[in-house]
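Down below is the structure, laid out as structure tokens.
The values are calculated or read from the model by the stated rules, or taken from the named source; none is laboratory data. Quick caveat, the model's predicted, so the values are computed rather than measured. Backbone-built Cβ (ideal geometry, glycine too); neighbour counts: all protein chains shown.
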Amino acid sequence: MVTQIIDDTSCIRVISDGNVYLVNKAWIRSIETAGIDTVKIDIAAGVLKNVYVRLSEVSVPAGLKDVFALRDAIKTMLDTGASSLQMPDNLANVFIALQKSLALSAARANAINVNTPAITDESVPNVIYYGFA
């Protein structure tokens, strides 16, 4: 039985014998060593309550010397991803441009004189309608 543990952005993908389990990083409560060859991943929500992974069956991440290294590798996967997302620079620039545009629109809206009529009905002389007509 071959097991792969892959770090996706917001979840950890556990592939075991062709079955894929996606575990949301926010749901993981703890990672513990259980015995000399097994790591227990305690999940707070979802169908799976615990996921047990044997070090002898893990092919990815490769080159782990003991169960503590596997535990630390999984913890490193949890430290990166959705909890530490940063805004890309181009998106920050778009937000700044949008903020400037909204401020300019608000300034233009405040500059409109509300006492001048928007529509003048010329069918009846000397009558000015305010509001919706």
Next item on the list: Confirm whether V51 is modelled with pLDDT of 90 or more and either within 19 Å of the chain's Cα centre (by Cα) or not small (G, A, S) (or both).
Entry: no
Next item on the list: Among the numbered conditions (1) at pLDDT 90 or above; (2) within 24 Å of K65 (Cα to Cα); (3) surrounded by fewer than 17 Cβ atoms within 10 Å (Cβ to Cβ), tell me where I41 comes up short.
Entry: (3)
Margin query: Go through the stretch 75-91 and report how many residues are at pLDDT 80 or above and not polar (S, T, N, Q).
Written below: 5
Next item on the list: Could you check, for the stretch 63-73, whether at least one of its residues is under 15 Å from T3 (Cβ atoms), part of a strand (DSSP E or B), hydrophobic (A, V, I, L, M, F, W, C) and touching a strand residue (DSSP E or B) at 6+ places or on another chain (Cβ under 6 Å)?
Entry: no
Next item on the list: For the stretch 8-23, state whether one or more residues are among the hydroxyl-bearing types (S, T, Y), without any contact (Cβ under 8 Å) to a residue 60 or more places away in the chain, touching a strand residue (DSSP E or B) at 6+ places or on another chain (Cβ under 6 Å) and exposed (fewer than 15 other Cβ atoms within 10 Å of the Cβ).
Entry: no
Note to self: Among the residues of the stretch 24-34, what is the count of those that are in contact (Cβ under 8 Å) with a residue 24 or more places away in the chain and of a type in the set (G, A, S)?
What the structure shows: 1
